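The numbers here are math on the coordinates, done by the rules we state, and not lab data. Treat the numbers as computed from the prediction; the structure is a model and nothing was measured. Virtual Cβ from ideal backbone geometry, glycine too; neighbours counted across all protein chains shown.
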Amino acid sequence: MMKLYYKPGACSLASHIVLHELGLPHGVEKVDTAAKRTESGQDYTSINAKGVVPALELDGGEILTEGPAILQYLADSAGNEALAPKPGTIERARVQEVLNFTGTSLHAAFKPLFKPDSDETVKASARENVASNMEWLEGLLSDGRPFLTGSNFTVADAYAFVVASWAPRVGVALERWPNIQLFVQRVAERPAAAKAMKTEGLI
Ligand SMILES: N[C@@H](CCC(=O)N[C@@H](CS)C(=O)NCC(=O)O)C(=O)O
């Protein structure tokens with residue numbers, strides 16, 4: 001059985017949601033990323049040398065890291081073309097566009113806000129950076145589509161949902177972006193998201 005290494009509410013929640021969306025049997029193990037220890041006492045750096053979550057242990061014991069790679073692998077290997085359209089199509093490229101934006105721009109913009117040693121000037125500029133990245137997501141949703149690439153929930157929505165949900169915790173109110181606010185609620189109401197959040201102790 002696959003096993004997901006996670007930290008409650010971290011970007012690993014996206015992989016956790018997708019495991020439930022696909023109905024795949026899986027175990028989970030919580031990681032203390034500061035202490036680099038897993039819940040069962042393993043040295044986490046022996047599982048993922050980068051020391052960050054997520055990491056997914058596959059059925060054969062192989063470890064896969066990097067959220068966007070895990071998300072696409074899960075959907076592709078399950079043959080779920082709603083969650084991840086066929087590689088080589090423009091629909092898949094749109095999913096990758098949002099995944100890459102979420103990882104390299106939006107998620108990256110939050111990082112100084114989670115560092116205990118960031119001073120207020122750094123945090124203020126990080127909040128502005130988060131806000132300007134939110135604008136692009138708000139724009140995607142402005143034509144009334146329910147999800148970021150259209151009418152289907154995809155793996156990119158799982159990741160963007162998790163990252164956008166961090167905003168209120170770091171002093172960036174989501175009310176400024178009504179479409180994102182509705183999107184976050186819409187995803188949170190999906191049974192798979194609720195199951196994953198419940199397991200992580202978030203709801
Ligand atoms: N490039 C990695 C980044 C993963 C990452 O930033 N993980 C964060 C949580 S969202 C983490 O484990 N940070 C270490 C910590 O929180 O101590 C990916 O996309 O999977």
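A Förster distance of 25 Å, applied to the separation of the beta-carbon atoms of ALA194 and MET1, puts the FRET efficiency at 0.70. Residue by residue, the range 177-184 carries 3J(HN,Hα) couplings of 10, x, 5, 5, 4, 5, 4, 4 Hz when phi is fed to the Karplus relation 6.51 cos²θ - 1.76 cosθ + 1.60 (θ = phi - 60°); x denotes Gly or Pro. With the helix formula -39500 (n - 2.57) applied to DSSP H stretches of n ≥ 4, the chain reaches a computed 222 nm mean residue ellipticity of -14000 deg cm²/dmol.
Centre-to-centre, using Cα atoms only, the range 1-69 and the range 168-203 are separated by 21 Å.
Taking the alpha-carbon distance from LYS123 and a cut-off under 24 Å, which lysines remain once sequence neighbours fewer than 8 residues away in the same chain are dropped? Partners within reach: LYS7, LYS111, LYS115.
What is the calculated FRET efficiency for ASP32 to SER77, with r their C-beta to C-beta distance and R₀ = 45 Å, to the nearest 0.05? Taking R0 as 45 Å, the efficiency between ASP32 and SER77 is 0.95. With a Förster radius of 30 Å applied to the C-beta separation of LYS111 and LEU58, the computed FRET efficiency comes to 0.60. Averaged over residues, the count of other Cβ atoms within 10 Å places the peptides 63-71, 37-45 in the sequence 63-71, 37-45, highest first.
Taking a straight Cα-Cα cut-off under 13 Å and skipping sequence neighbours fewer than 8 places away in the same chain, the aspartates and glutamates within cross-link reach of LYS195 are GLU21. A cut-off of 5 Å between modelled amide H atoms, ignoring neighbours fewer than 5 places along the same chain, links ARG37 with ASP32, TYR44. Sorting THR121, THR154, THR199, THR89 from the fewest to the most surrounding beta carbons within 10 angstrom yields THR121, THR89, THR199, THR154. Taking 0.36 nm per residue of separation and subtracting the Cα-Cα distance, full extension of the segment from THR45 to ARG176 would add 43.2 nm.
Contact order, relative form, for the range 90-190: 30 percent (alpha carbon pairs under 8 Å, 6 or more residues apart, mean separation divided by residue count). Once C-alpha pairs closer than 8 Å and six or more residues apart are averaged by separation and normalised to the residue number of the chain, the relative contact order reads 24 percent.
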